[in-house]
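The values are calculated or read from the model by the stated rules, or taken from the named source; none is laboratory data. Please read all numbers here as calculations on a predicted model, not as lab measurements. Virtual Cβ from ideal backbone geometry, glycine too; neighbours counted across all protein chains shown. Side chains are part of the model used for accessible areas, which takes the heavy atoms of the whole protein and leaves out ligands, DNA and RNA. Shrake-Rupley method; radii C 1.70, N 1.55, O 1.52, S 1.80 Å.
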Amino acid sequence: FHTKRGSVTVESEHFASMADCHLIGMRYIVMADFHADLEIQTGIDGDVWDIHGPHYDDVRFEQKDKRILVDAITHEKKEHVCVAEQYRTQPVVIEKMAAVYTTNDCENPQSASEELVAESMELGYEKQRKRHIDCWEKLWSTSKVEIEGDEEAEKELNYSLYHLLSIAPYHAESQSIPARGLSGQTYKGAVFWDTEMFMLDFFINTQPKVARTLLKYRIDTLAGAEQKAKSYGYSGAFYAWESQEGGYDACSDYNVTDVFTNRPMRTYFKDKQIAYA
């Protein structure tokens, strides 16, 4: 951008590490064609845009020298979500590392997030960036699709695969992929049969360990499926339309409002949506 004294250019890059699912790296390079004093304001944005009611009951901020911490407590289960950030400034270069842990990951997410950013800053931005790139190259070696004669179709298809590779639960032994993945809140993080119907084949042929993790999620949530079947008077298992923790159905009976009367309408999504194998 331009000022009365000259031009200032800011180059930025960031990555969510594929080598470590808890780690985020950022770098900013500032250049000016005149002598300038620079003031940097940095931090963690604690505002959360949510479309299904408040996610957090409490959000706590803490700063220690060049390290910033946010500790949030979830509304329903009172679990902790911790984000730690540490930054380093050099002449016209600012490097930041951030880490995210929850109580689903470990007993003390605050300590884990602070330790990871400290270790990452010590290792250095460039090395962490290389680890991230190397990991992506390994993934693309078994996943990239080439379409002869149609570059646009090839680009769009691989962009879709990029989303699948980004959301895959590499860090877990029993976890599935929710609808919308990382692209929105519309389906509230619930797991639908879309995973097995539309995504599983891709992972079976490219990332067998991920495919195993997705299938194990269904095996481990059998109790919820058996309970749903029992509630309908069936024997066996009736898997959830919108699966949440334990495989229990998160779909409500009344989730649509009549536009004329403003009254809740009974829907039958969880009753009639049955996936057959």
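Among the numbered conditions (1) out of contact with any strand residue (DSSP E or B) (no Cβ under 8 Å at 6 or more places or on another chain); (2) free of Cβ contacts under 8 Å to residues at least 40 places away in the same chain; (3) not β-branched (Val, Ile, Thr), tell me where Leu214 comes up short.
Here Leu214 clears every test but (2).
Select from the range 236-253 the residues that are open to solvent by 60 Å² or more (accessible area, probe 1.4 Å) and at pLDDT below 90 and write down the one among them that is farthest from Phe192 (Cα to Cα). Step through it out loud before you land on a result.
Applying the first criterion (open to solvent by 60 Å² or more (accessible area, probe 1.4 Å)) to the range 236-253 yields 239, 244-245, 248.
With at pLDDT below 90 added as a condition, the list becomes 244-245.
Working: Gln244: 9, Glu245: 13 Å.
So the residue we want is Glu245.
Mind listing whichever residues of the range 174-228 are polar (S, T, N, Q) and either within 21 Å of the chain's Cα centre (by Cα) or open to solvent by 80 Å² or more (accessible area, probe 1.4 Å) (or both)? Even if it seems obvious, please write down each step before you answer.
Going residue by residue through the range 174-228, those that are polar (S, T, N, Q) are 174-176, 183, 185-186, 195, 205-207, 213, 221, 227.
Those that are polar (S, T, N, Q) and either within 21 Å of the chain's Cα centre (by Cα) or open to solvent by 80 Å² or more (accessible area, probe 1.4 Å) (or both): Ser174, Gln175, Ser176, Ser183, Gln185, Thr186, Thr195, Asn205, Thr206, Gln207, Thr213, Gln227.
Can Ser111 be described as at negative phi and open to solvent by 40 Å² or more (accessible area, probe 1.4 Å)? Let's see the steps before the verdict.
Details: at negative phi: yes; open to solvent by 40 Å² or more (accessible area, probe 1.4 Å): yes.
It is true that Ser111 is at negative phi and open to solvent by 40 Å² or more (accessible area, probe 1.4 Å).
Filtering the range 99-108 down to residues that are more than 17 Å from Ala16 (Cβ to Cβ) and not polar (S, T, N, Q), which residue is least open to solvent (accessible area, probe 1.4 Å)? It would help to see each step written out before you state the result.
Our first condition is that a residue be more than 17 Å from Ala16 (Cβ to Cβ); within the range 99-108, this holds for 103-104, 106-108.
From what's left, not polar (S, T, N, Q): 106-107.
Numbers: Cys106: 39, Glu107: 179 Å².
Across the range 99-108, the extreme among qualifying residues is Cys106.
Of all residues in the range 51-76, which are open to solvent by less than 50 Å² (accessible area, probe 1.4 Å) and in contact (Cβ under 8 Å) with a residue 40 or more places away in the chain?
Selection gives Leu69 alone.
Restricting attention to the range 77-98, which residues are over 15 Å from Met121 (Cβ atoms) and either part of a loop (DSSP other than H, G, I, E, B) or open to solvent by less than 40 Å² (accessible area, probe 1.4 Å) (or both)? Lay out the reasoning, then the answer.
So in the range 77-98, the residues over 15 Å from Met121 (Cβ atoms) come out as 77-83, 91-92.
Result: Lys77, Lys78, Glu79, Val81, Cys82, Val83, Pro91, Val92.
Please list, ordered by first then second residue, the pairs with beta carbon atoms under 9 Å, 6 or more apart or interchain, first in the range 180-209 and within 22 Å of Gly224 (Cβ to Cβ), second polar (S, T, N, Q) and open to solvent by less than 30 Å² (accessible area, probe 1.4 Å).
Matching pairs, first to second residue: Ala190/Ser243; Val191/Ser176; Val191/Thr221; Val191/Ser243; Phe192/Ser243; Trp193/Ser243; Thr195/Ser176; Glu196/Ser176.
Which one of the conditions (1) surrounded by 15 or more Cβ atoms within 10 Å (Cβ to Cβ); (2) small (Gly, Ala, Ser); (3) closer than 29 Å to Asp271 by Cα does Gly233 fail to meet, given that it meets all the rest?
(1)
Residues being farther than 20 Å from Lys138 by Cβ, of a type outside the set (Phe, Trp, Tyr) and out of contact with any Phe, Trp or Tyr (no Cβ under 6 Å at 6 or more places or on another chain): count how many of those fall in the range 200-231. So that I can check it myself, show each step before the final result.
Here is the first cut: in the range 200-231, the ones farther than 20 Å from Lys138 by Cβ are 200-201, 215-231.
Remaining after also requiring of a type outside the set (Phe, Trp, Tyr): 200-201, 215-216, 218-231.
Restricting the remaining residues to those that are out of contact with any Phe, Trp or Tyr (no Cβ under 6 Å at 6 or more places or on another chain) gives 200-201, 215-216, 218-223, 226-227, 230-231.
Matching residues across the range 200-231 total 14.
With the requirement that a residue be open to solvent by less than 50 Å² (accessible area, probe 1.4 Å) and without any contact (Cβ under 8 Å) to a residue 60 or more places away in the chain, what does the range 1-35 give you?
Hits for the range 1-35 are Gly6, Ser7, Val8, Phe34.
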